[in-house]
Amino acid sequence: MQPADFHQIFLNLNEEQKRAVTGTAPYQLVVAGAGSGKTRVLTARAAWLCAQGVSPDRILLLTFTNKAARQMRDRLVAMGAQTQGLWAGTFHAIAHRLIQPFASQIGYQPGFAILSAQESLEICQMAREAVVGDNPLFPKAEWLQAVFSHAQNIDCELTEFVRNRFPKFASEAERIDRVCTEYLRRKLAQNAMDYDDLLVNLRLLMEDCPQFQQAVSERFLHVLIDEYQDTNRLQVALIRQLNPKNLMAVGDDCQSIYAFRGADLRNFLQFHQDFPGAALYRLETCYRCTPQIVALANASISKNREQFHKVLHSALEDGPKPFWWHLNSVGEQARKLVQRVIALRDEGVPLSEQAILFRAHYQSMELQLELQKQGIPFEIRGGIRFFDQAHIRDLLAHFRILQTPMDRNSWLRALRLRPHVGLRTAESIFEALSVTGDPWGQVRALATVQKASRVWNETRGFLLKIEALKNSPMQMVQAILDSGYRDALQRSYENAAERLDEILQLAQWAENSASIQQFLDELTWLEDSTLERESGEAPLCLSTVHQAKGLEWTAVFLLSVAQGLFPLRRALSDPQQLEEERRLFYVAVTRARRWLYLCSPQWGSMREGYLDTSCFLTELGANGGSLLTSLWAEDA
């Protein structure tokens, strides 16, 4: 790119963006509010450096997704920049590229493999068996793998992490550490790394191979980092080891919402401590949301103590004030909301320009059923579908064997959740139960089952208990949990508390159904994905707030803005968690370009009962009246 191309770089930049792009300080932190053009600034910075004569191969551009890296390359090309040689990619992709030529320095061979998630899990399972054998009370491989990853990414010693975060397993901390060591040994023996190994081994190379560290540090004259608020401690340690002569980090502390993945807000807030003398730039002009939505976002996030204070202002024309929709129940919320979605579509806002966001997947079940009934095509964005999750499938297997007694797959799944019941034992039990075509009759009649007598008495007692409770799904689920499944959740999943909430909520939904048959029929509706294909209409988007980050729609509905649902109940007693929930709320409201509906049901499920108004609304105080328009169910 020649100097004459500067005009192309600055063409769509405002003054605050230009100041950031052309900054000369060695270290720069760009605090970019929602919709303020942070990606545009980072890309323009790279183009400006090239126009200044910096060779593209001296620039390192770090992103959090491969898609973001590709988009930035495309924007650079559109600006006329020469990108050949530019290093752009995720932390893991760049680490892979850097490590390959030096793999022998850390015991690997060139051309080492990158393990898939399933391959990593299988090796972890073998490592677990090598250390503790077939111990059903020891944490499962899925849990171990998640804990190994989390400890590495927050740069915490493993045994300390286990004792502090999972006191239930404190007595097993040393054996958990031994499993980790065996897991690492087996990966090395296969000349393979998982994704976490890429960062850990890059750090080892930096520490143990001064020549490598010097070569990498000298190679990159400029380091640009996107979404800096999402970095973890390991990633920041790597950046510091790079010892960049010039560093620009771009992000928004008010959108730091991934602490559960190990992201550390302190990285952003303490940037000036990590990189003394850093210049600070603020991007406070929002090009996405109307002034009314921006005003609400400003008022809400101002309640957080840990942040770089900034005040967004909108570059758009006025729009309607956000609606605070008062509803009687979560059922009414689903019905009225779908009516409003249809009305907006009729007014010219296509379904693809509308989104319904929620804090947790289970909060959308009534809504999904209502959308199916009304023939509205929808898609659930990202992640594993709610009903495809392992713990939900475990629970549903018990309902299905009661309703469809010859469902072999459901029997095998339910039986294998019993202590000491593996696949072969489960198959033997099912063969004995199904021989007459009446499995439950056999459960009641058989005192023993051939090849499975050792565990049959306990299994039979459990089956008789859930059969007796089949007309009370909540009690049945409690019996399943009390029989050992609650402990199994804690051994299997790092986020066991969240999964337990989802199980109890699903049980409550079953409780509200007229019968198990009606409940399972409704689930079949929700699992049917033919509606979108048959309608030919671009679908409505349903998404958790986490999955919606980075996206935007003309109209956004935020479900169940009530205390205990948003913010979640477990965050109410922890100031740091509550601040992250408020950042999630900020992300949610700033996904809307023009219409925003905050839905507040007064009654939840029988389990939740009466719902207090979310503190995110009550804390607005008198300002709430000027920022929000109250909408009542009877008015909709």
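The values are calculated or read from the model by the stated rules, or taken from the named source; none is laboratory data. Keep in mind the model is a prediction, meaning the values are calculated, not measured. No Cβ is skipped: glycine too gets one built from the backbone with ideal geometry, and neighbour counts run over all protein chains shown. Quick note on the areas: whole protein, heavy atoms, side chains included, nothing else; ligands and nucleic acids left out. Shrake-Rupley method; radii C 1.70, N 1.55, O 1.52, S 1.80 Å.
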### Message
Here is a check on your reading of the model: is Ala432 open to solvent by 70 Å² or more (accessible area, probe 1.4 Å), hydrophobic (A, V, I, L, M, F, W, C) and farther than 25 Å from Phe138 by Cα?
### Response
no
### Task
Answer yes or no as to whether Gly550 is over 28 Å from Gly262 (Cβ atoms) and either charged (D, E, K, R) or surrounded by fewer than 18 Cβ atoms within 10 Å (Cβ to Cβ) (or both).
no
### Query
Within region 473-493, is there a residue that is outside any helix (DSSP H, G or I) and at pLDDT below 85?
no
### Query
Are any of the residues in region 52-60 out of contact with any His (no Cβ under 8 Å at 6 or more places or on another chain), on the phi < 0 side of the Ramachandran plot, aliphatic (A, V, I, L, M) and open to solvent by less than 30 Å² (accessible area, probe 1.4 Å)?
no
### Query
Yes or no: Gln241 among the polar types (S, T, N, Q), open to solvent by 10 Å² or more (accessible area, probe 1.4 Å), closer than 21 Å to Glu122 by Cβ and in contact (Cβ under 8 Å) with a residue 24 or more places away in the chain?
no
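Let's see how each residue does on (1) within 27 Å of Ala507 (Cβ to Cβ); (2) at pLDDT 90 or above:
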residue	(1), (2)
Ile392	yes, no
Asp407	yes, yes
Val421	yes, no
Thr448	no, no
Ser453	no, no
### Task
Scan region 99-130 for residues that are surrounded by fewer than 18 Cβ atoms within 10 Å (Cβ to Cβ), touching a helix residue (DSSP H, G or I) at 6+ places or on another chain (Cβ under 8 Å) and closer than 22 Å to Ala173 by Cβ and report the count.
4
#### Entry: Criterion (under 14 Å from Asp197 (Cβ atoms), among the β-branched types (Val, Ile, Thr) and touching a His at 6+ places or on another chain (Cβ under 8 Å)) met by exactly one of Ile106, Ile99, Ile123, Ile114
Ile114
### Message
Suppose we filter Ile429, Ile401, Ile392 for residues that are within 31 Å of the chain's Cα centre (by Cα) and among the β-branched types (Val, Ile, Thr); which single one remains?
### Response
Ile392
### Task
Return yes or no: is Glu347 over 21 Å from Ala592 (Cα atoms), surrounded by fewer than 21 Cβ atoms within 10 Å (Cβ to Cβ) and among the charged types (D, E, K, R)?
no
### Residues of region 410-448 that turn out to be part of a loop (DSSP other than H, G, I, E, B) and touching a Leu at 6+ places or on another chain (Cβ under 6 Å), as a count
1
### Summary
The condition from (1) open to solvent by less than 50 Å² (accessible area, probe 1.4 Å); (2) aromatic (Phe, Trp, Tyr); (3) over 30 Å from Thr22 (Cα atoms); (4) within 30 Å of the chain's Cα centre (by Cα) that Tyr228 misses is numbered (3)
## Note on the structure
Pro26: passes all of (1) at pLDDT 90 or above; (2) open to solvent by less than 60 Å² (accessible area, probe 1.4 Å) but (2)
### Task
State the number of residues belonging to region 244-289 that are of a type in the set (Phe, Trp, Tyr), assigned to a helix (DSSP H, G or I) and open to solvent by 60 Å² or more (accessible area, probe 1.4 Å).
1
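Quick grid of which residues meet (1) without any contact (Cβ under 8 Å) to a residue 40 or more places away in the chain; (2) under 25 Å from the mean Cα position of the chain (by Cα); (3) open to solvent by less than 20 Å² (accessible area, probe 1.4 Å):
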position: Arg570; (1), (2), (3): no, yes, no
position: Ala592; (1), (2), (3): no, yes, yes
position: Ser600; (1), (2), (3): no, yes, yes
position: Asp612; (1), (2), (3): no, no, no
### Task
Can you give me the number of residues within region 419-429 that are of a type in the set (D, E, K, R) and surrounded by fewer than 14 Cβ atoms within 10 Å (Cβ to Cβ)?
1
### Query
For the subset of region 375-389 comprising residues that are part of a loop (DSSP other than H, G, I, E, B) and at pLDDT 90 or above, which member is farthest from the chain's Cα centre (by Cα)?
Ile376
### Summary
Checked region 136-172 for anything assigned to a loop (DSSP other than H, G, I, E, B) and under 25 Å from the mean Cα position of the chain (by Cα); matches are Pro139, Lys140, Ile154, Asp155, Cys156, Glu157, Phe166
### Query
Of the residues that make up region 352-360, is at least one out of contact with any Lys or Arg (no Cβ under 6 Å at 6 or more places or on another chain), in a helix (DSSP H, G or I) and buried (at least 17 other Cβ atoms within 10 Å of the Cβ)?
yes
### Message
Restricting to region 309-333, count the residues that are within 29 Å of Ala622 (Cα to Cα) and either assigned to a strand (DSSP E or B) or open to solvent by less than 30 Å² (accessible area, probe 1.4 Å) (or both).
### Response
16
### Task
Would you be able to tell me the number of residues in region 395-418 that are of a type outside the set (Val, Ile, Thr) and open to solvent by less than 50 Å² (accessible area, probe 1.4 Å)?
14
### Query
From the set of residues in region 476-514 that are more than 26 Å from the chain's Cα centre (by Cα) and open to solvent by 50 Å² or more (accessible area, probe 1.4 Å), which is nearest to Ala173 (Cα to Cα)?
Asp482
### Query
Can you name the number of the only condition in (1) surrounded by 23 or more Cβ atoms within 10 Å (Cβ to Cβ); (2) touching a residue at least 60 places away in the same chain (Cβ under 8 Å) that Thr43 fails?
(2)
### Query
If you go through region 137-171, how many residues are more than 14 Å from Ala496 (Cα to Cα) and touching a Pro at 6+ places or on another chain (Cβ under 7 Å)?
0
### Message
Quick test for you: out of Ser256, Ser314, pick the one residue that is more than 28 Å from the chain's Cα centre (by Cα) and of a type in the set (Gly, Ala, Ser).
### Response
Ser314
#### Entry: Matching residues, region 106-135, being among the β-branched types (Val, Ile, Thr), part of a helix (DSSP H, G or I) and closer than 15 Å to Tyr183 by Cα
Ile123, Val131, Val132
